Amino acid sequence: MRVALTGGIASGKSTVAGLFGALGVPIIDTDVLAREVVAPGSPGLASVVARFGAQILDDAGGLDRARLRSIVFADPQARRDLEALLHPLIRARTAERSRAAGGAYQLVVVPLLIETGTAGDYDRVLAVDCEPATQIARLMLRDGASEADARAILAAQASREARIARADDVIVNTSDLPALARQVESLHAGYRHLAARSV
């Protein structure tokens with residue numbers, strides 16, 4: 001059974017994934033895979049350079065993520081072009097890792113699940129939810145983003161309402177770590193039960 005974990009930026013997806021991982025659940029993080037498919041020397045990086053030019057490379061020949069992000073956030077067509085190049089590579093890598101991972105069920109972290117229309121690829125969708133004001137504050141603290149930049153990043157993603165509407169399960173990340181862990185443990189028991197029934 002494959003469970004997609006999604007949520008807006010700075011909603012707490014990594015923390016939730018870490019709590020599931022601590023319970024022995026195989027975790028496949030598509031953000032990690034997204035970095036792998038544009039590693040130096042990869043066909044993915046070559047295709048991105050062909051579309052956006054060598055300006056998106058850093059001094060060592062790797063992808064300058066900040067520079068590329070500033071280009072695609074300012075230009076919706078550029079973002080669509082980047083997604084068309086990378087999403088098929090990420091999906092193929094995700095399927096490959098999933099086949100190898102095993103487990104009663106797997107958690108696949110897909111930040112842009114709603115935006116890419118891939119929720120139907122999974123058995124269940126788990127959304128991590130929190131107030132947009134909390135996301136903005138976390139982004140400013142974590143990434144040093146300005147409030148305007150943080151708001152622009154949130155505006156470029158699917159709405160909170162769209163994620164919740166598509167989710168089978170929702171974790172509310174508005175309290176402390178023990179409260180978050182209790183929600184994870186409850187879902188873990190439920191997912192194990194569902195996985196056992198589906199065998």
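Work out the length of the dipole vector of the chain about its Cα centre, built from +1 on the beta-carbon of each Lys and Arg and -1 on the beta-carbon of each Asp and Glu, and round it to the nearest 20 debye.
It comes to approximately 400 debye.
Looking at the chain, I'd like the Rg to Rh ratio, where Rg is from alpha-carbon atoms and Rh is Kirkwood's inverse mean 1/r.
Using Cα coordinates only, the ratio equals 0.97.
Mind ranking 75-87, 27-39, 1-13 by how tightly packed they are, going by the mean number of other C-beta atoms within 10 angstrom, highest first?
Packing order, densest peptide first, comes out as 1-13, 27-39, 75-87.
Just to verify a number: FRET efficiency for Phe73 and Ala95, C-beta to C-beta distance, R0 = 30 Å, to 0.05?
The value I calculate is 0.60.
Taking other Cβ within 10 Å of each residue's Cβ, how do Thr118, Thr174 sort, fewest first?
Listing Thr118, Thr174 from fewest to most nearby Cβ atoms yields Thr174, Thr118.
Name the long-range amide H neighbours of Tyr122: under 5 Å, sequence gap of 5 or more, or other chain; modelled H, no Pro or chain starts.
Residues meeting the criterion, in which the H sits 1.01 Å from N, do not exist here.
I need to check one value: relative contact order of region 110-182, counting alpha carbon pairs closer than 8 Å and at least 6 residues apart, in percent.
47 percent
Give, as a single signed number, the net charge of other residues whose beta carbon lies under 15 Å from the beta carbon of Pro40, with Lys and Arg counted +1 and Asp and Glu -1.
Local charge sum for Pro40: -2.
Quick check: the distance between the Cα centres of region 161-199 and region 36-101, to the nearest angstrom?
31 Å
Rounded, prolate or oblate: which fits region 107-152 when a ≥ b ≥ c are the square roots of the eigenvalues of the alpha-carbon gyration tensor, with rounded for a/c under 1.5 and prolate only if a/b beats b/c?
prolate
Say R0 is 30 Å: what FRET efficiency, to the nearest 0.05, do Thr174 and Leu23 get from their beta-carbon distance?
According to the calculation, E is roughly 0.85.
Taking the number of other C-beta atoms within 10 Å as the exposure measure, put Leu68, Leu107 in order starting with the fewest.
Least to most surrounded, the residues fall as Leu68, Leu107.
Please report the net charge: other residues with Cβ closer than 14 Å to the Cβ of Ala152, K and R +1, D and E -1.
Residues close to Ala152 contribute a combined charge of -1.
Read the figures in this text as sums done on the coordinates, not as results from a lab. All of these numbers come straight from a predicted model, not from anything done at the bench. Note that we place each Cβ from the backbone using ideal geometry, even for glycine, and neighbour counts take in every protein chain shown.
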